[in-house]
Structure formats: structure tokens, C-alpha cells
1. For the range 116-123, state whether one or more residues are under 21 Å from residue 173 (Cα atoms) and hydroxyl-bearing (Ser, Thr, Tyr).
2. Pick from the range 78-134 the residues that are of a type in the set (A, V, I, L, M, F, W, C) and not in a helix (DSSP H, G or I): which of them is farthest from residue 55 (Cα to Cα)?
3. Scan 75, 109 and give me the residue that is over 23 Å from residue 176 (Cα atoms), among the charged types (D, E, K, R), in contact with a Ser or Thr (Cβ under 9 Å, 6 or more places away or on another chain) and in contact (Cβ under 8 Å) with a residue 12 or more places away in the chain.
4. Checking residue 14 against (1) farther than 22 Å from residue 112 by Cα; (2) of a type in the set (S, T, N, Q); (3) outside any loop (DSSP other than H, G, I, E, B); (4) at pLDDT 50 or above: exactly one of these is not met. Which one?
5. Could you list, in sequence order, all residues of the range 167-206 that are among the aromatic types (Phe, Trp, Tyr) and assigned to a helix (DSSP H, G or I)?
6. For the range 139-157, indicate whether the set of residues that are more than 22 Å from residue 111 (Cα to Cα) and either modelled with pLDDT of 90 or more or not small (Gly, Ala, Ser) (or both) is non-empty.
7. Could you please give the count of residues in the range 128-143 that are among the basic types (Lys, Arg) and in contact with a Ser or Thr (Cβ under 7 Å, 6 or more places away or on another chain)?
8. Please work out if residue 50 is closer than 30 Å to residue 166 by Cβ and surrounded by 14 or more Cβ atoms within 10 Å (Cβ to Cβ).
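The values are calculated or read from the model by the stated rules, or taken from the named source; none is laboratory data. What you see is a predicted model; the values in this text were computed from it and never measured. Cβ placement follows ideal geometry from the backbone for every residue including glycine, while neighbour counts extend to all protein chains displayed.
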Amino acid sequence: MDHLILDIYSESTTEKKFVRSSSYKRRRNRIERLIQKDPKIDHFLMLAQLEIRKQQHTEALEVLESALQIDPHYEPILVLYAQLLAWNEDEKAEQVYQKLLTLQTNRSEIYREYARYLIEREGTVNQIQQLLFKSLELKPQDAVSHILLAELFLREGRSSQALLHLGLAKQYRIHHSVYFVKIAHIYRMLGVHDEVRNHLRMAIQKDPKNKKIRNIAMQILGEEEQFKRHSIWKLWKNEKSDKMLK
């Protein structure tokens, strides 16, 4: 959940066409034929993205490593490679992120993903903030960077700043269920319960067949409903007590 989607919003249009048109096996065979015919590095990226959607992370890593033999400095491959390595090989992931920074890249997602990596490992606030500000300098409308900043500021007790960046994340909305759940989670930590319910309902509406998302959303919505009933009962009880004292 904390990995807010492995670059689902930067898929190639060709990959989207494959996702819509056929099964995993057929898609995989098609992309492999493309690679055999014309081993462009973008074809390897398409295949790696497909394997990730199938939860085949070992296979995805192998594809990315093959791509890096063709071009060891291709940034879209490197950032996806670092994201996958971060799940099991922290030291190697750190080396890949450091390599990306030495390339003096203008790709905003590289700074954002390195910041996310550091957030999950309790890196220094100053370093994470600088990375996210650099990401937003390159792409001010990056909703994920705004969400990560909101999460960072919330951790530091800076609620007004967290709310500011949540508002910007909403302005630059990503139409994906995980995005809505992530925003709902931060709003819940801030105690903004109406926004929690609204974003969880949007998550379910966006991906009603996703059982994991639906179960998470329904569980939190149930807890939110209990909170709402308790708040109303507490308010009624306080009003009754005030009347008795008059």
C-alpha cells in the first residue's frame, strides 16, 4: 500500500493496448516477439511492467537486468529497478538511487521515488524534503510528491503543511484506487473524517472488483461509521447534561 503504484501512470500507450486486449500469457509472448525482432530497451520496460502487474517480481528483475546490459544509464529502467530492489535488497537499491542522482536527471519521479525509499527507512527529514521539493520543481503537478510531503509533514507534527499538500494532491488527482486510499489514510491521521469517507468511497467506485482495496476501504469505513455514531451520541449526551444543569 505504501508503494503508491509502481509507475502505473507512466505506462507506454503500447503497454496499455496490450493490457486491454489480451491475457497475460499472450501479452508476454507478444512483447517477447517484439524483443526478438527489435530489442529496444522500451520493449524490455514494457515486459518488466507486465511481470510486475502479475506479481512476478523475480522475473521483472531479470528483465530489467537484461535491459541494463543494453543501456546501463537508461533512467526509466533504473528507477523501476531501484523500486523493486528496495523490497529485498536495500543496499543495492541505495546504490542505484545514488547512481541516478549522479546522472543529474531531470526526471521528477527519480527524486520522488528516492524520497519515498528514505521515508520508508526513516531517512533524515531535511534530505527527504529536499528531494521532494526538487521533484516538484521539475513537475509541480506531481500528486504523489504532494502526498509524500503531506505524510512527511504529518510525521513532523506540521498539520497545516500536511493539509496544504493534500489539497494540492487532490487538485492534481490521479484516477487510481490506491491514490484515494492513501489520501484517506492521511486525512484519517489528521482527523478529517468527512474526507476519509469521501476518498474511500471513490476508491471503491474506481476499482470495485479489487478485493484488497474494497476490504481495506470497507473496514475503515466501518470504523469511521462507529466513530460518527459515537460522536453524535457524545454530543447528544453533552447537550442533555447541559439542559439538566440549567
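1. no
2. 103
3. 75
4. (4)
5. Keep residues of the range 167-206 that are among the aromatic types (Phe, Trp, Tyr), which gives 172, 179-180, 187.
Residues satisfying the conditions are 179, 180, 187.
6. The initial filter retains those residues of the range 139-157 that are more than 22 Å from residue 111 (Cα to Cα), namely 157.
After this cut, where a residue has to be either modelled with pLDDT of 90 or more or not small (Gly, Ala, Ser) (or both) as well, the list is 157.
Looking for residues that are more than 22 Å from residue 111 (Cα to Cα) and either modelled with pLDDT of 90 or more or not small (Gly, Ala, Ser) (or both), one finds at least one in the range 139-157, hence yes.
7. Of the range 128-143, the ones among the basic types (Lys, Arg) are 134, 139.
Checking the rest, the ones that are also in contact with a Ser or Thr (Cβ under 7 Å, 6 or more places away or on another chain) come to 139.
Counting residues in the range 128-143 that are among the basic types (Lys, Arg) and in contact with a Ser or Thr (Cβ under 7 Å, 6 or more places away or on another chain) gives 1.
8. No; evaluated as a whole, the condition is false for this residue.
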